[in-house]
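Peer 1: Quick one: structure below, then a few questions.
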Amino acid sequence: MSRRILAAGNWKMNKTPSEATALINELKEKVSNAKNEVLVCPPFVCIPDVCRVAAGTNISVGAQNLYYEDKGAYTGEVSAQMLLDLGVKYVIIGHSERREYFNETNDIVNKKVIQAIKNNLIPVICVGETLEQREDGVTFDFIRTQVKIALRSVCAQDAANLVIAYEPIWAIGTGKVATSEQANEVCADIRRCIAGIYDENTAQSIRILYGGSVNKDCAAELFAMSDIDGGLVGGASLKAEDFSIIADA
Ligand code: 13P
């Protein structure tokens with residue numbers, strides 16, 4: 001089964017709406033013939049402008065979070081329907097920064113995944129171990145737990161369409177990229193885990209990205225690995241030139 005490579009940019013808390021508009025205007029020219037699927041995930045307040053400027057281009061738009069309730073008295077939260085109404089297609093769920101700074105547990109991640117699927121948003125579920133866990137030799141167990149709980153009550157058909165991003169926490173924003181072999185062996189294990197929960201077909205159709213200091217120089221080697229289907233890119237996605245190279249890697 002051939003899985004299209006996905007180059008996803010997670011802008012995190014960067015770019016004002018005007019800066020975002022300028023970046024997309026620059027990016028859309030540079031990626032118009034990109035080999036890979038191109039996705040940008042700007043902050044909520046930039047999404048209307050980004051959707052407007054990206055309309056009719058090959059750039060898809062994602063959000064960095066959502067809330068798991070439909071609507072109501074949840075001050076400060078953003079619903080799936082709000083995102084969908086703007087033209088958002090993907091949503092990042094369970095990024096390690098949200099788990100660490102905003103106390104997102106595996107159960108919360110699971111509720112958000114279910115809410116995204118229910119509303120036809122494609123979840124990009126983030127998993128990844130700390131340096132301490134890696135050194136303790138519990139990486140695979142830890143990540144399998146994250147994957148299994150995130151996918152609780154998700155059927156095979158829905159799972160086949162979603163994206164998982166393996167982001168070792170020690171590689172995020174540190175300039176310390178995992179080696180292609182290190183990244184691939186975890187992505188391959190995530191795929192085996194999916195095959196165990198569902199079946200081999202589902203495992204072969206799900207896209208598994210690597211994230212953590214992906215840059216224009218290492219992307220091609222990472223994306224060529226057997227079980228890596230693209231990248232979730234932080235810092236390098238904020239520069240049109242760099243991200244366009246990754247979009248073609
Ligand atoms: P960096 O590419 O800046 O390391 O960030 C990775 C990341 O967390 C993407 O979600």
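The values are calculated or read from the model by the stated rules, or taken from the named source; none is laboratory data. Keep in mind that what you see is a predicted model, and the values were worked out from it rather than measured. Please note: Cβ atoms are built from the backbone with ideal geometry, for glycine as well, and neighbour counts cover all protein chains shown. When the accessible area is computed, the model is the full protein with side chains, heavy atoms only, and any ligands, DNA or RNA have been set aside. Shrake-Rupley method; radii C 1.70, N 1.55, O 1.52, S 1.80 Å.
Peer 1: Probe radius 1.4 Å, ligands and nucleic acids left out: which of 129, 69, 200 has the largest accessible area, and how do the rest follow?
Peer 2: Values: 129 0, 69 70, 200 105 Å².
Reading off the accessible areas and sorting them downward yields 200, 69, 129.
Peer 1: Compute the Rg/Rh shape ratio of the chain: radius of gyration over Kirkwood radius, all on alpha-carbon atoms. Spell out each step's value before the answer.
Peer 2: Values: Rg = 16.7 Å, Rh = 17.9 Å.
Expressed as Rg/Rh, it is 0.94.
Peer 1: With every protein chain in place, what's the accessible area of residue 223 (1.4 Å probe, Å², nearest 10)?
Peer 2: Here the residue's solvent-accessible area equals roughly 20 Å².
Peer 1: Follow-up question, since we're still on this one. Residue 28 accessible area, nearest 10 Å², 1.4 Å probe?
Peer 2: Solvent-accessible area, nearest 10 Å²: 60 Å².
Peer 1: Using r as the Cβ-Cβ distance of residue 136 and residue 44, and R0 as 45 Å, what FRET efficiency do you calculate, to the nearest 0.05? Working shown, then result.
Peer 2: Values: r = 36 Å, r/R0 = 0.81.
Working from the Cβ atoms, E equals 0.80.
Peer 1: Compute the length gained on full extension between residue 19 and residue 192: take 0.36 nm times their separation in residues and subtract their Cα-Cα distance, giving the result in nm to one decimal.
Peer 2: Numbers: separation 173, 0.36 × 173 = 62.28 nm, distance 4.10 nm.
Here the answer is 58.2 nm.
Peer 1: Also, I was wondering about something else. Please provide three numbers in whole Å: the alpha-carbon extents of the range 15-81 along the principal axes, with the largest listed first.
Peer 2: Projected onto the principal axes, the Cα atoms of the range 15-81 cover 43, 24, 16 Å.
Peer 1: Another question, if that's okay. Ranked highest first by the average count of other Cβ atoms within 10 Å around their residues, in what order do 150-159, 132-141, 201-210 fall? Present the calculation step by step, with values, prior to reporting the outcome.
Peer 2: Numbers: 150-159: 17.1, 132-141: 14.0, 201-210: 21.6.
Packing proxy ranking, top to bottom: 201-210, 150-159, 132-141.
Peer 1: Amide H neighbours of residue 60 under 5 Å, at least 5 residues apart or on other chains, H built in the peptide plane: list them.
Peer 2: Close amide H contacts, sequence-distant or interchain: 38, 39, 40.
Peer 1: Under unit Cβ charges (Lys, Arg +1; Asp, Glu -1), what dipole magnitude, rounded to 20 debye, does the chain have relative to its Cα centre?
Peer 2: Details: 25 positive and 32 negative charges, 119 e Å.
Around 580 debye, computed over the chain.
Peer 1: Same structure again: Residue 211's amide H: which non-local residues (gap 5+, or another chain) put their own amide H closer than 5 Å, with H modeled 1.01 Å from N in plane and none for Pro or chain starts?
Peer 2: Sorted by chain and number, the residues that satisfy this are 166, 167, 232.
Peer 1: Right, something else. If you add up the charges near residue 144, with Lys and Arg at +1 and Asp and Glu at -1, over every other residue whose beta carbon is less than 12 angstrom from its beta carbon, what do you get? Write out the running numbers ahead of the final one.
Peer 2: Numbers: positive: 148, 191, 192; negative: 129, 141, 189.
Counting the neighbours of residue 144, the net charge comes to 0.
Peer 1: Pulled fully out, how much extra length does the chain show between residue 105 and residue 2, if you take 0.36 nm times their separation in residues and subtract their Cα-Cα distance? Present the calculation step by step, with values, prior to reporting the outcome.
Peer 2: Numbers: separation 103, 0.36 × 103 = 37.08 nm, distance 3.26 nm.
Here the answer is 33.8 nm.
Peer 1: Averaged over all directions, how much area does the convex hull of the C-alpha atoms of the range 178-220 cover when projected, in nm²? Present the calculation step by step, with values, prior to reporting the outcome.
Peer 2: Details: hull surface 12.7 nm².
With the hull built on Cα positions only, its mean projection is 3.2 nm².
Peer 1: What accessible area, in Å² to the nearest ten, does a 1.4 Å probe give for residue 19?
Peer 2: 90 Å²
Peer 1: May I pose another question? Output ³J(HN,Hα) for the range 91-96: one whole-Hz value per residue in order, computed from phi by the Karplus curve 6.51 cos²θ - 1.76 cosθ + 1.60 with θ = phi - 60°, and x for Gly and Pro.
Peer 2: In residue order, the calculated couplings are 9, 6, 10, x, 4, 4 Hz.
Peer 1: Which ³J(HN,Hα) values in Hz, rounded to whole numbers, follow from the phi angles of the range 153-168 under the Karplus curve 6.51 cos²θ - 1.76 cosθ + 1.60, where θ = phi - 60° and Gly and Pro get x?
Peer 2: Running phi through 6.51 cos²θ - 1.76 cosθ + 1.60 with θ = phi - 60° gives 6, 9, 7, 4, 4, 6, 5, 4, 8, 8, 10, 10, 10, 8, 10, x Hz.
Peer 1: Okay, next question. Which residues' amide hydrogens lie under 5 Å from the amide hydrogen of residue 122, considering only partners 5 or more residues apart or on another chain, with H built in the peptide plane?
Peer 2: 90, 91
Peer 1: List the equivalent ellipsoid semi-axes of the range 144-249 in whole Å, largest first, each obtained as the square root of 5λ for an eigenvalue λ of the Cα gyration tensor. Spell out each step's value before the answer.
Peer 2: On the way: eigenvalues 130, 36, 30 Å².
Semi-axes, largest first: 25, 13, 12 Å.
Peer 1: To the nearest 20 debye, what is the magnitude of the charge dipole of the range 153-249 about its Cα centre, counting +1 on the Cβ of each Lys and Arg and -1 on the Cβ of each Asp and Glu?
Peer 2: Numbers: 6 positive and 14 negative charges, 42 e Å.
Using only the charged Cβ atoms, the result is roughly 200 debye.
Peer 1: On average over all directions, what projected area in square nanometres does the range 27-147 have, based on the convex hull of its Cα atoms?
Peer 2: On the way: hull surface 36.2 nm².
Orientation-averaged projected area of the Cα hull: 9.1 nm².
Peer 1: Can you tally the lysine pairs in the range 115-249 where the Cα-Cα distance is under 23 Å and the two residues are eight or more apart, or on different chains?
Peer 2: 4
Peer 1: When the Karplus curve 6.51 cos²θ - 1.76 cosθ + 1.60 is applied with θ = phi - 60°, which whole-Hz ³J(HN,Hα) does each residue of the range 64-81 get, with x for Gly and Pro?
Peer 2: Once rounded to whole Hz, the list reads 9, 5, 7, 9, 8, 9, 5, 5, x, 7, 10, 3, x, 9, 10, 8, 4, 5.
Peer 1: Once the piece of chain linking residue 73 and residue 29 is laid out straight, how much longer is it, given 0.36 nm per residue of separation minus the C-alpha distance between them?
Peer 2: Contour length minus the Cα-Cα distance gives 11.7 nm.
Peer 1: Could you grab the relative contact order for the chain? Cα pairs under 8 Å, six or more apart, rounded to a whole percent.
Peer 2: Numbers: 502 pairs, mean separation 55.1, N = 249.
This gives 22 percent for the chain.
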